Amino acid sequence: MGALMGLLLDPGLSGYTLAPDGPTTPGRTADVLVARHRRLPRDRMGHRLTASGRSLIGQALVTTYGPRAGVAPGALVRDAHRRWSVPSLGLNASVAHCGEFSAVAFAPAAHAIGVDVQDERDRPYALRWLGDLLARQEPATIRDFAECEALIKASHLTKETFAGTRLPEWRPGWRPMAERAGAEGVTGGRSGTGTGAGAARGTKPAPRSGTGTGTEAAPGARPTSASETAPPPTPTYHVRSLVLRPEGAPPLHLALACDAPVPVRFHHLERE
C-alpha cells in the first residue's frame, strides 16, 4: 500500500462510508466498494450487460482512492489462480457483480483478498450441491454460497478442489477457517490441497524425526506418534459476510475472504 500513502478518499464519493472495524493502520486496511449501476445496457434478449472485471476495478480505484490512483488497464495483473493485483499501487483486488450491483475489494499486497455478492434468487440445486460439499445435512444458504465464492477467489482453491472445506459458524466480523489436520487427501487437510498455511504458501510440513529423514531415533526412545509431532491446526484464511438491503431491490449477501483479519472500510455508491 506504500504507493497509496497519503491518498485520501475522493471527496466526490457519494453514498456512505462505514467506520472501519479496526485501526486504519496504513498498509493494513482493506476497502470494499459496493456500487449500484442503475442504467446498465441490455442485449437483444433484455439481459443486463455488466462491465468487465478489469474496468470495474479501474473505476473503483479512482472512486475509492482518488484520481491519482488511476491506472491503465494493462497495470492490472492476474496470477495463476486468477487473482487480481495492481503492482504499481501495492494492492491486491477482487471483483464480483450481481445484476445491477458490483463489489470491488482492495487489500495491501501482503494479503490475499476475495469478494462476492449474491442476491436471494431461488437456486435449490446449486445450494443442495454446495451443502453436500460442506457436509451439511441440509442445503447451503445464500450466505454460505457467497462466502465460498469469496474464499475461492482469495485462495488457491477451485470448485474442483473445494470438497472437504468447512465454513466456521456464522457471527459478525471475521471468522477463522481452521485447518483440518490429518484429513488426508481432502481440502483443508495438511496432506491435501487445503486451506492451511502450508498448502496456501506452497510449503511442506517439516519432516518428522525418525520418519524418513535419513536419521535414526535415539536407542530406547519411545516412538512418537504423528498426533504428538504434528503442529496444531492453524487458522489461515478468514471469512466474513453481511446483508445489504438496497432500496427497491432484494437483499444482497456480501462476503469477503482474506488470509488475515484486516480492518475493513465499506463504501457504497449509487451510479447512474
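Tell me, please, whether a residue that is among the basic types (Lys, Arg), farther than 15 Å from residue 239 by Cβ and surrounded by fewer than 20 Cβ atoms within 10 Å (Cβ to Cβ) can be found in segment 138-158.
No, segment 138-158 contains no residue that is among the basic types (Lys, Arg), farther than 15 Å from residue 239 by Cβ and surrounded by fewer than 20 Cβ atoms within 10 Å (Cβ to Cβ).
Taking only segment 48-98 into account, find how many residues are of a type in the set (Lys, Arg), in a helix (DSSP H, G or I) and touching a residue at least 40 places away in the same chain (Cβ under 8 Å).
Qualifying residue count for the region: 1.
State yes or no: is residue 140 modelled with pLDDT under 90, farther than 29 Å from residue 29 by Cβ and of a type in the set (A, V, I, L, M, F, W, C)?
no
Residues of segment 119-140 being touching a helix residue (DSSP H, G or I) at 6+ places or on another chain (Cβ under 7 Å) and either within 28 Å of residue 90 (Cα to Cα) or assigned to a loop (DSSP other than H, G, I, E, B) (or both), which ones?
Those that are touching a helix residue (DSSP H, G or I) at 6+ places or on another chain (Cβ under 7 Å) and either within 28 Å of residue 90 (Cα to Cα) or assigned to a loop (DSSP other than H, G, I, E, B) (or both): 120, 134, 138, 139, 140.
Tell me which residues, restricted to segment 24-59, are more than 21 Å from residue 246 (Cα to Cα), modelled with pLDDT under 55 and open to solvent by 70 Å² or more (accessible area, probe 1.4 Å).
Residue satisfying the conditions is 42 alone.
One line per residue, one yes/no per condition, for (1) under 28 Å from residue 79 (Cα atoms); (2) in contact with a Leu (Cβ under 7 Å, 6 or more places away or on another chain); (3) open to solvent by 40 Å² or more (accessible area, probe 1.4 Å):
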| position | (1), (2), (3) |
| --- | --- |
| 94 | yes, no, no |
| 102 | yes, yes, no |
| 110 | yes, no, yes |
| 116 | yes, no, no |
| 121 | no, no, yes |
| 126 | yes, no, no |
| 132 | no, no, yes |
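The values are calculated or read from the model by the stated rules, or taken from the named source; none is laboratory data. It should be emphasised that the depicted structure is a prediction, and the values quoted were computed from it without experimental measurement. Counting neighbours? That spans all protein chains shown, and the Cβs are built from the backbone with ideal geometry, glycine included. All accessible areas refer to the heavy atoms of the entire protein, side chains included, with ligands and DNA or RNA removed. Shrake-Rupley method; radii C 1.70, N 1.55, O 1.52, S 1.80 Å.
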